[in-house]
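One structure below.
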Amino acid sequence: MTREHGEGAVQALVLYDGRVLLVRPDDGWELPSGTPQPAESAEATAARVVYELTGYLVDGTETLGAHDNARADEAPAVVCQLLSEEPSDGARLAPERLRWAAIADTAGTPLPRSVRTYLQGHTPV
C-alpha cells in the first residue's frame, strides 16, 4: 500500500462523536489514504488503509461521488464507521501522528469537496 492522492487513490472519512480522524504522514494533517489492491473496492480499500495506518477497525460504508459535488481530479472518499474505540498494535503511524479533530477544526485541512459537502450540517451522534 502506498499513501497517494493521485489517480486510483482512496481517502477514508472516519467520523466519531463529531470528530474526524486525521493522520500526519508527512507535513500536514489529512485523511487516511492509499491505493487499492487489485479487484479491491473503494470501501474495502478505505477500511484496510485506516487499519494499516492507524490500527483502528472501520467499515467502509458509503463512497462519496459526483452526486456529492466531487471534482473529477479528486481521489474518491469513503465514509467509514468506526468499529473499535482503541487502535490495535502494529499501526504504521505512531500515536502522535493521529488526531481526532472536531469538524469545525478541519477548515484548514485539505479535504475533497465531496467530504466538505458531506460534513456540512453533519450532526454528531
TODO: Those residues that are open to solvent by less than 20 Å² (accessible area, probe 1.4 Å) and part of a strand (DSSP E or B), I need them from region 29-68; list them, please.
DONE: Ser33, Gly34, Val58, Gly60, Leu64
- [ ] Give region 8-28 a look and list any residue that's farther than 15 Å from Arg116 by Cα and surrounded by fewer than 21 Cβ atoms within 10 Å (Cβ to Cβ), or say none.
- [x] Gly8, Ala9, Tyr16, Asp17, Arg24, Pro25, Asp26, Asp27, Gly28
TODO: Give region 104-115 a look and list any residue that's under 19 Å from Thr54 (Cα atoms) and assigned to a helix (DSSP H, G or I), or say none.
DONE: Thr106
Task: Criterion violated by Ala75 - all others in (1) at pLDDT 90 or above; (2) within 13 Å of the chain's Cα centre (by Cα) satisfied - done: (1)
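The values are calculated or read from the model by the stated rules, or taken from the named source; none is laboratory data. Remember, it's a predicted structure, so these values are computed and weren't measured experimentally. So basically every Cβ, Gly included, is an ideal-geometry build from the backbone, and we count neighbours across all protein chains shown. Keep in mind that these areas ignore ligands, DNA and RNA; they rest on the heavy atoms of the full protein, side chains included. Shrake-Rupley method; radii C 1.70, N 1.55, O 1.52, S 1.80 Å.
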